[in-house]
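Input: a single structure, listed below in structure tokens.
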């Protein structure tokens, strides 16, 4: 059985990620949001836009698991989507708004989950069996990784 308290703490942390992203926006030079330091590395705006679109997929996965018995879960082809959606052309304000709204909808659903709900399973082509509790942990790790990338690429980890 999923640890309900642990999951609730993780859900609370997920709800704070848009706030953390907004703080990055407030405390950084706007011109740095579109800079790629290496050709294969996303600019901070691309990372934030990815968080917004990945939230659609995470939210869909949660909804599929909540509404069906062991559903197949979609995989996000993130590089293809980033190119097609032209993330580099998004404004940071737009990406943040989309991420904040989409995450809010996911949090609303996750907050309604019981311990039994958290143990419901979906089938992911790469990860195999994934519970809602697993998805919460995956989302939190994903957030942490990408917030760190944005901080680094915006020069906010540098010391004066």
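Per DSSP helix of 4 or more residues, -39500 (n - 2.57); summed, then divided by the residues of the chain. What does that give at 222 nm, rounded to the nearest 500?
Details: 6 runs with 101 residues, N = 160.
My calculation for the chain gives -21000 deg cm²/dmol from helical runs alone.
Determine the principal axes of the Cα atoms in segment 4-153, then give the extent along each, sorted from largest to smallest and rounded to whole angstroms.
46, 29, 21
Residues of segment 1-28 with the amide nitrogen closer than 19 Å to a label point 7 Å from the Cα of residue 137, along Cα-to-Cβ, please.
From segment 1-28, the list is 1-15.
Just for the Cα atoms in segment 1-53, what are the lengths along the principal axes, largest first, rounded to whole Å?
Dimensions of segment 1-53 along the principal axes of its Cα atoms: 45, 25, 16 Å.
Between 26, 102, 63, find the one with the highest GNM mean-square fluctuation for the chain; connect C-alpha pairs within less than 10 Å.
Maximum among the listed residues: 26.
Who wins for biggest fluctuation among 117, 29, 143 in a Gaussian network model of the chain, springs between alpha carbons below 10 Å?
With Cα springs under 10 Å in the chain, the top fluctuation among 117, 29, 143 is at 29.
For segment 76-160, compute Rg over Rh where Rg is the Cα radius of gyration and Rh is the Kirkwood radius from the inverse mean 1/r over Cα pairs.
Here the Rg-to-Rh quotient is 1.04.
Please find, in a Gaussian network model of the chain (springs between Cα atoms separated by less than 10 Å), the residue of 91, 67, 31 whose mean-square fluctuation is greatest.
Per the Cα network of the chain with a 10 Å cutoff, 31 tops the list.
FYI, it's all coordinate maths here, none of it is from the lab. Keep in mind that this is a model prediction, so the values were computed, not measured. FYI the Cβ positions are ideal-geometry reconstructions off the backbone, even for glycines, and counts take in every protein chain you see.
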